[in-house]
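Engineer: Here it is, the structure in full.
The values are calculated or read from the model by the stated rules, or taken from the named source; none is laboratory data. In this text the structure is predicted, and so the values were computed from the model without any measurement. With ideal geometry, Cβ positions are generated from the backbone for all residues, glycine too; neighbour counts draw on all protein chains shown. Ligands, DNA and RNA are excluded from the accessible area calculation, which covers all protein heavy atoms including side chains. Shrake-Rupley method; radii C 1.70, N 1.55, O 1.52, S 1.80 Å.
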Amino acid sequence: MDLFSAVDTAPIQQEMEQLAERIDQLNYEYYMNDRSLVSDQEFDALLRRLQDLEQQYPELASPLSPTKRVGGEVNKAFRQVTHRFPMLSLGNTYSIEEIEEFESRTRRLLDGTPFSYTCELKYDGVAIGLTYRHGRLVQAVTRGNGAVGDDITLNAKTIPTIPLRLRGTFPDDFEARGEVVYPFEAFDAMNSQREADGLEPFANPRNAASGSLKLQDSAECAKRKLMFCMYFMMGPDENLLPDTHFGRLEWARQMGFKVQPYIQECRDINEIKAFIDHWDHARWELPFGIDGIVIKVNQTPLWDRLGLTAKSPRWAIAYKFKAERVSTPLLSISYQVGRTGKVTPVANLQPVWLGGTTVRRATLVNADFIQKMDIHIGDHLFIEKGGEIIPKVVGVDLDQRLPGTMPVAYVQFCPECGTPLLRVEGEAAHYCPNTDGCHPQIIGRLEHFVSRKAMDIESLGPERLELLYQAGLVRNIADIYDLQREQIIGLASDQSASIQDKSADNLLAAIEASKQVPFERVLFALGIRYVGEVGARKIARHFRTIDALLAASVDELAQVEDVGDVTARAVSQWFADPAHQAILQRLRLAGLQFTAQVAETSGPLQGYTFVVSGVFEHFSRDAIKADIEQHGGRIAGSISGKTSFLLAGEKMGPEKRRKAESLGVPIISETDYLKMLQ
Ligand code: IVH
């Protein structure tokens with residue numbers, strides 16, 4: 001750098017540090033204390049400013065910047081790392097007697113020294129170790145085999161409950177250990193989306209957490225909403241850490257770690273048993289999965305005296321909850337057909353009480369599962385609920401099997417339309433190939449097409465679609481755009497009230513508004529197997545126009561980021577089908593978007609987030625949302641501290657108003673909105 005072009009970067013660096021500190025603080029309040037201190041817009045502005053500065057002065061960008069939370073960097077390979085301190089596992093047991101033995105043995109070995117225990121939850125997730133130096137996260141490694149694990153630092157940085165820089169005081173060099181869990185709500189949402197996209201759902205939150213930490217694209221990991229529960233602190237110099245486990249976790253909390261509050265100091269076996277009993281029931285109310293209770297000697301200087309066995313410490317033990325298991329008669333098997341034609345067998349069970357709920361149904365997965373379990377007609381099945389919410393069939397109660405019963409014969413014909421089922425080479429599921437004549441497939445595709453993340457035609461719920469289908473008005477997605485006012489007024493069925501003038505108008509307006517839905521969502525709405533929201537976006541942005549997409553070969557499709565061979569083939573087949581081409585042609589004539597728009601990056605509403613509610617004079621609800629987006633604003637589904645405005649139409653519910661008022665979110669009318677644009 002020559003003298004003339006040298007810029008004094010000190011003030012810039014200072015601004016960047018201040019920004020990072022402020023954003024860290026806001027994140028902390030949001031994720032640890034459920035508090036929003038600023039509006040979404042202010043938060044985004046701070047983050048954007050920091051991103052801009054980092055782009056302009058990459059040499060000043062900190063690897064611990066809060067901008068890393070959104071991910072973006074790609075994990076090329078997960079480097080293998082040797083743990084500085086081996087990650088031991090715990091002795092575990094399902095028996096209370098063994099917990100009693102552990103307790104009396106510990107007492108005997110400690111020979112009169114006063115001590116206590118801590119009891120805490122055994123989180124059901126993936127164990128990781130986080131190394132901090134001078135208060136900064138330097139490395140995150142999975143447990144692996146206990147000696148060597150995978151470096152997942154980039155992905156760990158996207159988890160909001162993992163602090164990147166510590167607060168207050170901290171040891172200069174230590175390791176924080178804990179479990180990455182997938183909270184049920186986020187897990188369910190992610191899995192439903194996967195199923196809707198024709199992808200294989202994850203078997204349970206633990207597998208999903210593990211899969212997420214190994215995602216190549218850290219931006220995808222950022223979207224998974226994982227949580228880190230800290231449960232252990234260690235360092236090269238134990239003397240620098242508090243001398244109780246409880247004290248260490250308390251300190252960790254002050255440093256900014258998420259330490260669950262469900263931890264208790266217990267003085268004797270009765271208190272330990274009471275803690276176990278409590279959580280054996282209360283666990284079903286937690287927002288994440290646990291599979292037991294961990295009991296540790298609280299006074300850390302006693303750990304050395306108790307020592308280790310071959311692979312686990314003698315100062316701790318895990319009590320594992322027995323998966324609750326019952327046996328109940330299998331009454332019948334239903335075969336459900338999804339929108340892709342995939343058939344899922346479901347056991348209809350004699351209702352039975354299990355882990356806090358009544359179980360009536362459980363999936364039998366596919367034909368192989370039924371065969372492997374050797375399920376016979378009239379069998380009693382064992383149903384289990386482990387750490388998860390969903391009950392599973394785990395076996396046949398052979399003691400209850402009557403002689404001479406026959407194994408279940410899998411359906412050969414579609415239970416809905418009678419077409420012979422197919423089983424594609426290499427796939428476990430059976431499919432009904434009658435795509436255009438099988439009721440649940442037709443209705444399922446229509447439902448997907450109008451759903452919120454697709455064309456977002458809110459007023460076309462499942463009942464309405466069924467009504468229009470039964471009336472012969474809508475048999476495929478293109479028919480929706482041919483609907484005429486006089487055809488739908490007065491339509492009614494046993495399940496739904498007749499459609500009145502006003503609601504017919506609303507429906508037609510919503511259909512009209514859907515013509516502005518961008519190409520990527522139209523592509524998603526088509527319901528092509530394996531093409532989810534993300535895949536559709538990437539394909540739309542890659543090819544930009546439907547014509548380019550129609551002309552693409554399988555190889556060209558497979559070149560799109562995140563599109564594999566299977567998806568590429570499915571897309572190519574879908575577009576090659578003349579029936580689909582005819583539908584596309586009709587959709588095109590109806591005026592749907594088949595060209596990707598260049599993203600609107602600026603506009604008068606840039607940086608503002610709106611929640612829209614009620615009925616408007618000049619716009620339908622969808623049209624006003626589209627208008628906001630066109631002017632650079634953002635739409636949110638619910639009011640939070642980050643909402644800039646609640647745009648209120650007529651007949652807005654009182655809840656929304658109250659919430660906005662309590663959070664100090666300005667409420668504006670349609671007229672205010674129009675003025676704003678001027
Ligand atoms: S303490 C040396 N505490 O359970 C003791 N472990 O085999 C270190 N786990 O893989 C572990 N919740 O990942 C501890 N509250 C908790 C835990 C916990 C879950 C996991 C841990 C380990 C396994 C024990």
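Engineer: Just to be sure before I move on: is Tyr123 surrounded by 22 or more Cβ atoms within 10 Å (Cβ to Cβ), within 16 Å of the ligand (Cβ to nearest atom) and not charged (D, E, K, R) in the structure I sent?
Structural biologist: It is true that Tyr123 is surrounded by 22 or more Cβ atoms within 10 Å (Cβ to Cβ), within 16 Å of the ligand (Cβ to nearest atom) and not charged (D, E, K, R).
Engineer: Keeping to the range 312-337, report how many residues are of a type outside the set (D, E, K, R) and more than 13 Å from the ligand (Cβ to nearest atom).
Structural biologist: 13
Engineer: I've got another one for you. Asp627 is checked against (1) within 26 Å of the chain's Cα centre (by Cα); (2) assigned to a helix (DSSP H, G or I) and fails just one. What number does that condition carry?
Structural biologist: (1) is the only condition that Asp627 fails.
Engineer: Pick out the one residue from Arg165, Arg177 that is of a type in the set (D, E, K, R), over 27 Å from Gly535 (Cα atoms) and open to solvent by less than 40 Å² (accessible area, probe 1.4 Å).
Structural biologist: Arg177 is the lone residue from the list that is of a type in the set (D, E, K, R), over 27 Å from Gly535 (Cα atoms) and open to solvent by less than 40 Å² (accessible area, probe 1.4 Å).
Engineer: Oh, and also: Residue by residue through the range 204-233, note down the ones that are modelled with pLDDT under 95 and not in a helix (DSSP H, G or I).
Structural biologist: Asn204, Lys214, Leu215, Gln216, Asp217, Lys223, Arg224, Lys225, listed by residue number.
Engineer: A further question on this structure: Would you say Arg283 is under 33 Å from the mean Cα position of the chain (by Cα) and modelled with pLDDT under 95?
Structural biologist: Against the criterion (under 33 Å from the mean Cα position of the chain (by Cα) and modelled with pLDDT under 95), Arg283 qualifies.
Engineer: Right, something else. For the range 152-159, check the following and say yes or no: at least one residue is open to solvent by 40 Å² or more (accessible area, probe 1.4 Å), under 23 Å from Tyr31 (Cα atoms) and touching a residue at least 40 places away in the same chain (Cβ under 8 Å).
Structural biologist: Within the range 152-159, one or more residues are open to solvent by 40 Å² or more (accessible area, probe 1.4 Å), under 23 Å from Tyr31 (Cα atoms) and touching a residue at least 40 places away in the same chain (Cβ under 8 Å).
Engineer: Run down Leu50, Leu26 and say which single residue is over 30 Å from Glu271 (Cβ atoms), without any contact (Cβ under 8 Å) to a residue 24 or more places away in the chain and crowded, with 18+ Cβ neighbours inside 10 Å.
Structural biologist: Leu26
Engineer: Here is a follow-up. Suppose we keep only residues that are among the basic types (Lys, Arg) and over 22 Å from Leu523 (Cα atoms) within the range 609-651. Which one would you say is modelled with the lowest pLDDT?
Structural biologist: Per the stated criteria, the residue is Arg621.
Engineer: Working carefully through the options Thr340, Thr419, Thr358, Thr435, find the one that is touching a strand residue (DSSP E or B) at 6+ places or on another chain (Cβ under 7 Å) and modelled with pLDDT under 95.
Structural biologist: Thr358
Engineer: With the range 515-581 as the region, which helices (runs of 4 or more DSSP H) entirely inside it contain at least 3 residues that are under 28 Å from the mean Cα position of the chain (by Cα)?
Structural biologist: Because the criterion is at least 3 residues that are under 28 Å from the mean Cα position of the chain (by Cα), the helices (runs of 4 or more DSSP H) in the range 515-581 that meet it are 519-525, 533-543, 565-576.
Engineer: I would also like to ask the following. Scanning the range 246-291 for residues that are touching a helix residue (DSSP H, G or I) at 6+ places or on another chain (Cβ under 7 Å) and closer than 18 Å to Ile389 by Cα, which turns out farthest from the ligand (Cβ to nearest atom)?
Structural biologist: The extreme case among them is Pro287.
Engineer: Select from the range 1-23 the residues that are polar (S, T, N, Q) and either surrounded by fewer than 15 Cβ atoms within 10 Å (Cβ to Cβ) or modelled with pLDDT under 85 (or both) and write down the one among them that is farthest from Arg165 (Cα to Cα).
Structural biologist: Checked the range 1-23; the qualifying residue farthest from Arg165 (Cα to Cα) is Ser5.
Engineer: Can I ask one more? Report yes if some residue within the range 71-78 is within 16 Å of the ligand (Cβ to nearest atom), modelled with pLDDT under 95, over 14 Å from Ile295 (Cα atoms) and open to solvent by less than 20 Å² (accessible area, probe 1.4 Å); otherwise report no.
Structural biologist: No; the residues of the range 71-78 include none that is within 16 Å of the ligand (Cβ to nearest atom), modelled with pLDDT under 95, over 14 Å from Ile295 (Cα atoms) and open to solvent by less than 20 Å² (accessible area, probe 1.4 Å).
Engineer: On to the next question. With the condition kept exactly as written, say whether any residue in the range 589-608 is modelled with pLDDT of 90 or more and assigned to a helix (DSSP H, G or I).
Structural biologist: Among the residues of the range 589-608, at least one is modelled with pLDDT of 90 or more and assigned to a helix (DSSP H, G or I), which makes the answer yes.
Engineer: Give me the pairs, please: first residue somewhere in the range 224-252 and on the phi > 0 side of the Ramachandran plot, second residue anywhere and among the aliphatic types (A, V, I, L, M), beta-carbon distance under 6 Å, and either six or more positions apart or on two chains.
Structural biologist: Note: pairs meeting the criteria are Lys225/Ala186.
Engineer: In addition: Give me the pairs, please: first residue somewhere in the range 86-98 and of a type in the set (A, V, I, L, M, F, W, C), second residue anywhere and open to solvent by 40 Å² or more (accessible area, probe 1.4 Å) and outside any helix (DSSP H, G or I), beta-carbon distance under 7 Å, and either six or more positions apart or on two chains.
Structural biologist: The qualifying pairs are Met87/Arg143; Leu88/Lys311.
Engineer: Can you name the condition, by its number, that Ala362 falls short on among (1) within 24 Å of His281 (Cα to Cα); (2) within 31 Å of the chain's Cα centre (by Cα); (3) open to solvent by 10 Å² or more (accessible area, probe 1.4 Å)?
Structural biologist: Single failed check for Ala362: (3).
Engineer: Turning to a different aspect of this structure: Could you list, in sequence order, the residues of the range 482-502 that are open to solvent by 30 Å² or more (accessible area, probe 1.4 Å) and assigned to a helix (DSSP H, G or I)?
Structural biologist: Asp482, Arg485, Glu486, Gln487, Asp501, Lys502
Engineer: Enumerate the pairs (first residue in the range 296-322 and at negative phi; second residue anywhere and of a type in the set (Asp, Glu) and away from the ligand (no atom under 12 Å from the Cβ)) with beta-carbon separation below 7 Å, excluding pairs fewer than 6 apart on the same chain, so at least 6 apart or on different chains.
Structural biologist: If the second residue must be of a type in the set (Asp, Glu) and away from the ligand (no atom under 12 Å from the Cβ), the pairs left are Asn298/Glu265; Gln299/Asp243; Thr300/Glu238; Thr300/Asp243; Pro301/Asp243; Phe321/Asp280.
Engineer: Being open to solvent by 30 Å² or more (accessible area, probe 1.4 Å), hydroxyl-bearing (Ser, Thr, Tyr) and under 24 Å from Leu507 (Cα atoms): is that true of Ser613 here?
Structural biologist: For Ser613, the condition - open to solvent by 30 Å² or more (accessible area, probe 1.4 Å), hydroxyl-bearing (Ser, Thr, Tyr) and under 24 Å from Leu507 (Cα atoms) - is not met.
Engineer: Regarding Glu59, is this residue surrounded by 18 or more Cβ atoms within 10 Å (Cβ to Cβ), more than 16 Å from the ligand (Cβ to nearest atom), of a type in the set (D, E, K, R) and over 32 Å from the mean Cα position of the chain (by Cα)?
Structural biologist: It is false that Glu59 is surrounded by 18 or more Cβ atoms within 10 Å (Cβ to Cβ), more than 16 Å from the ligand (Cβ to nearest atom), of a type in the set (D, E, K, R) and over 32 Å from the mean Cα position of the chain (by Cα).
Engineer: Only one residue in Tyr117, Tyr132 is within 14 Å of the ligand (Cβ to nearest atom), open to solvent by less than 60 Å² (accessible area, probe 1.4 Å) and of a type in the set (Ser, Thr, Tyr), so which one is that?
Structural biologist: Step by step, each of Tyr117, Tyr132 is checked, and only Tyr117 is within 14 Å of the ligand (Cβ to nearest atom), open to solvent by less than 60 Å² (accessible area, probe 1.4 Å) and of a type in the set (Ser, Thr, Tyr).
Engineer: When you look at Pro440, is it farther than 28 Å from Gln593 by Cβ and not in a loop (DSSP other than H, G, I, E, B), yes or no?
Structural biologist: Judged against the criteria, Pro440 is a match.
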